[in-house]
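> Dumping the structure here so I can ask a few things about it.
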Amino acid sequence: MNIWVPLISRRVVLVTGKEGRDLLQGISTNDINLLGNQKGIFTAFLNRQGRFLADAFVFQNQERLYLEYDSVHHSVIMGLIHKYGPLHGVQVKEVPWAVISFSGSESAFLYQKIQDKIQEYLGIIFQDFRHPSLGFRVALPYEYWHEIPTPLCIPGTETSYRTLCIQNGVPSGAHDLVYERSLILEYQYHFHQGISWKKGCYVGQEVIASSFYQNRVHKSLFYLTHIQGERVPSVGEAILDFKGNVQGRWGYIQSGHGLICLEQAWGLECLNSGHFQCSTHNGEIITGTLVSFSNSFNRCDQGANNVQ
């Protein structure tokens, strides 16, 4: 089954100015120069303390540079562009484009046929490198968003797309991370092709590099399902053990499942016991079934084998 999902929460802006690449290279975590060999990349924006601000896709279409991101991040990204852009003669302009996720068992087989159709619409399709199951991303003018390019695709919802991301351990910066608090290494951005270790300096790079190479990151992502409790915890809320120790943070919970960021040692204890049970600051008890991902217990620096 192949799924075609319009992502209505996403926005696209055109980056103009000769030094647009240089600007993004200096304020985001991935290597913009990879666009010479691939159409799109995933990257994050950090503050000077190395904490999360926003994430986005950067792609190049017809020799023009674009940013694609969740609407939640619009003011943050615009703030960064307006702060650093004048130094590089860079400006941004919002474009009326739709963003679509295309994935499924035959997505790679259908890629060429769909690419030809998307190019007729003056759009672009590129691989979502965060996880093979996420397939491809499409950006094209709004007037074509409802035209599915092949009968072998069926329309999907953002809820189904979010479920696909959760089940494959791919966090959403707009849903799972906390502005100016989260450390992207704890959310495995290095395993999801969001960080380059070969490029030069960027805002927040010193914290990320030292944490990475000195293996100072001891939290990781886990999948929690069959969640039961008095209420749904808010994103970033503390996960407490029964001694009152903070063992992690909640991500966005959707239909009784979601991603949570846990201390690896405690997560392993929960997995070995076969039962997950925690409390909140208000004393509420929450239970569920905890599942680890293949890289949940990898050393931080092992992610170097999975990034550009």
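The values are calculated or read from the model by the stated rules, or taken from the named source; none is laboratory data. Predicted, not measured: the structure shown is a model, and the values here were computed from it. Please note: Cβ atoms are built from the backbone with ideal geometry, for glycine as well, and neighbour counts cover all protein chains shown.
> Just a yes or no: is a residue in the stretch 245-254 over 19 Å from Arg162 (Cβ atoms), modelled with pLDDT of 95 or more and assigned to a helix (DSSP H, G or I)? Before you say what the answer is, go through the steps one by one.
To start, the set of residues in the stretch 245-254 that are over 19 Å from Arg162 (Cβ atoms) comprises 245-248.
Next, only the ones that are modelled with pLDDT of 95 or more stay: 245-248.
Pick out the ones that are also assigned to a helix (DSSP H, G or I) and you get none.
For the stretch 245-254, residues over 19 Å from Arg162 (Cβ atoms), modelled with pLDDT of 95 or more and assigned to a helix (DSSP H, G or I): absent.
> Would you check which residues across the stretch 253-273 are over 16 Å from Ser234 (Cβ atoms) and either out of contact with any Ser or Thr (no Cβ under 9 Å at 6 or more places or on another chain) or of a type in the set (Ser, Thr, Tyr) (or both) and list them?
Answer for the stretch 253-273, where residues must be over 16 Å from Ser234 (Cβ atoms) and either out of contact with any Ser or Thr (no Cβ under 9 Å at 6 or more places or on another chain) or of a type in the set (Ser, Thr, Tyr) (or both): Ser255, Ala265, Trp266, Glu269, Cys270, Asn272, Ser273.
> When the residues of the stretch 276-308 are narrowed to those that are modelled with pLDDT of 90 or more and part of a loop (DSSP other than H, G, I, E, B), which ends up nearest to the chain's Cα centre (by Cα)?
Phe293
> Among the candidates Ser172, Ser234, Ser182, which residue alone is among the hydroxyl-bearing types (Ser, Thr, Tyr), under 19 Å from Leu134 (Cα atoms) and not assigned by TED's automatic domain parsing to the domain that holds Asp70? I'd like the intermediate steps shown before the answer.
Values: Ser234 fails: under 19 Å from Leu134 (Cα atoms); Ser182 fails: under 19 Å from Leu134 (Cα atoms).
One residue alone meets the criteria, Ser172.
> While we're here: Just to be sure I understand, how many residues within the stretch 4-38 are under 30 Å from Glu147 (Cα atoms), hydrophobic (A, V, I, L, M, F, W, C) and in contact with a His (Cβ under 9 Å, 6 or more places away or on another chain)?
Step one: list which residues in the stretch 4-38 are under 30 Å from Glu147 (Cα atoms), which gives 4-16, 35-38.
From what's left, hydrophobic (A, V, I, L, M, F, W, C): 4-5, 7-8, 12-15, 35.
Add one more test, that the residue is in contact with a His (Cβ under 9 Å, 6 or more places away or on another chain), and what stays is 13.
Total meeting the criteria: 1.
> With the requirement that a residue be buried (at least 19 other Cβ atoms within 10 Å of the Cβ) and not β-branched (Val, Ile, Thr), what does the stretch 22-38 give you?
Of the stretch 22-38, the ones buried (at least 19 other Cβ atoms within 10 Å of the Cβ) are 23-25, 27-32, 34.
Once the filter is applied, which keeps residues that are buried (at least 19 other Cβ atoms within 10 Å of the Cβ) and not β-branched (Val, Ile, Thr), the stretch 22-38 yields Leu23, Leu24, Gln25, Ser28, Asn30, Asp31, Leu34.
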